[in-house]
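Note sheet for the following structure.
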C-alpha cells in the first residue's frame, strides 16, 4: 500500500530555507509569492492490507525516525 | 491563497536518501516498509485570487527555481 507522509516544520518554527527560496523568487519577479515553507514528502511502499494497522505502524516510524517531534509535525495519508 | 507544490524524483531516478531511511527503518523492525522515496513539499502563500493565473505563475516558478526538471517532477495543488 502506498502511504504518504507529510512532514512540516511547526508553525512557530522559523524556516530559513523557505525564506531563502522566497527571496530568490522575489528577485526573479515572483513578488506575489509572499511566503514559502519547505517540508518533506515521503512516499512509502508498505506491505500489508489492514489500513488502520499500517497507519499505526507508519505513525510509530514517524515518531521514531521520520520526523523530529520537537520542531516538526507529521501527517500520514493512506489511499 | 495557499498553494502546495510537490516535488518528487522521477520514477527512474535512484533515491539514495530514501534507501538510507528504508535501511534504518528495516533495522528498527519496520521491515514491512519496503520502499521509501523522499520528495519536497513546499507550501506557498501567494497573493492573488485568480486560481488559473496563480497556478500558471507557480508552475513557472517550479520550472525556473523550485524543481530540477532533469531529475524531478512537480505538481501544483490549489485549494
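Only the coordinates and a few stated rules stand behind these numbers; no lab work does. What you see is a predicted model, and the numbers here were worked out from it, not measured in a lab. Virtual Cβ from ideal backbone geometry, glycine too; neighbours counted across all protein chains shown.
Summed over the range B:17-28, the residues that are more than 12 Å from residue A:58 (Cα to Cα) and either touching a residue at least 60 places away in the same chain (Cβ under 8 Å) or at the interface with chain A (Cβ under 8 Å from one of its Cβ atoms) (or both) give a count of 4. Kindly provide the set of residues from the range B:29-52 that are within 7 Å of another protein chain (Cβ to nearest Cβ) and over 21 Å from the mean Cα position of the chain (by Cα), ordered by number. Matches in the range B:29-52: B:30, B:32, B:47, B:48.
Give just the number: which of (1) under 14 Å from the mean Cα position of the chain (by Cα); (2) within 7 Å of another protein chain (Cβ to nearest Cβ) does residue A:75 not satisfy? Of the numbered conditions (1) under 14 Å from the mean Cα position of the chain (by Cα); (2) within 7 Å of another protein chain (Cβ to nearest Cβ), the odd one out for residue A:75 is (2).
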